[in-house]
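The structure appears right after this line, and notes come after that.
The values are calculated or read from the model by the stated rules, or taken from the named source; none is laboratory data. Just so we're clear, the structure is a prediction, and the values are computed from it rather than from any experiment. Cβ sites come from the backbone with ideal geometry, for glycine too, and all protein chains shown count toward neighbours. For the accessible areas, the whole protein counts, side chains as well, though only heavy atoms, and no ligand, DNA or RNA atoms are used. Shrake-Rupley method; radii C 1.70, N 1.55, O 1.52, S 1.80 Å.
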Amino acid sequence: MTQARDRRDSRWDEHRRARREELVQATLTAVARHGAGVGMDEIAAAAGTSKTVVYRHFADRSQLYVAVCTEVAERLLAELRTAMRSSSDPRGMTAAAIGTYLAFLEAEPEVYRFVVSQHPAEDADPIANLADLVGDQAAALMALALEQAGRDPGPADAWGHGLVGMVRSAADWWLRAGRPMLRTQLAAHLTDLAWAGLSGVVAPAPHRLEET
């Protein structure tokens, strides 16, 4: 009897995970259709259900927001990793990362606004914040570049998150201004600016002459 109950519990857990994923995808559909200010009624309609059912799987809007952010972040991070593996030099990796981030923003501007502009509850999982996740990825890559150059990787966290902050600020302006330049032009400008600072700190450290 215990084993039968365990199998039923397992099937129910899988059903709940699948239903939550369906609701996350429905939220993304509703955001693309209605904008970043989408309401729970519109989300429920996109899912073909009621708000009561949505709240059965997510306690409140903040919990749903965290799940959506996690989904979007995982997708974007996978794209970033793929893009950065396409180049072996730090400048190429920087350009690939910036270009991929902006391509995501251009393809799904309302989803981008949704994940960066919401304000989840104070007890929400902090790693669900898209900018933090991307900043962590940039910091990890910067630490690797510094280590390969024989330099101290200590500043990598600050520089990685600073780089993401710069790109995000410029991207937010670009959207607000109605995209006054091509995405590829913006990516090139930001890469030039970022590399002007990064090139000096990821260059191989000078060898010290050994004392005789």
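Specify the inter-centroid distance of region 140-160 and region 6-78, based on alpha-carbon positions, in whole Å.
Measuring centre to centre over Cα atoms gives 37 Å.
Before I look further, what does region 60-102 give for accessible area per residue, probe 1.4 Å, in whole square angstrom?
42 Å²
When the accessible area of region 126-177 is computed with all protein chains present and a 1.4 Å probe, what percentage of it is carbon and sulfur?
Carbon and sulfur together cover 57 percent of it.
What's the carbon and sulfur percent of region 44-86's accessible surface, probe 1.4 angstrom, rounded to a whole number?
Working: 1040 of 2120 Å².
Using a 1.4 Å probe with all protein chains present, region 44-86 comes out at 49 percent carbon and sulfur.
What is the distance, in nm, between label points placed 7 Å from the Cα along the Cα-to-Cβ direction at residue 88 and at residue 53?
Output for this residue pair reads 5.3 nm.
If I model a spin label at residue 185 and residue 33 as a point 7 Å from the Cα along the Cα→Cβ vector, what separation in nanometres do I get?
Between residue 185 and residue 33, the simple spin-label model gives 3.5 nm.
Taking 0.36 nm per residue of separation and subtracting the Cα-Cα distance, what length does fully extending residue 131 through residue 157 add?
Gain on extension, residue 131 to residue 157, equals 8.1 nm.
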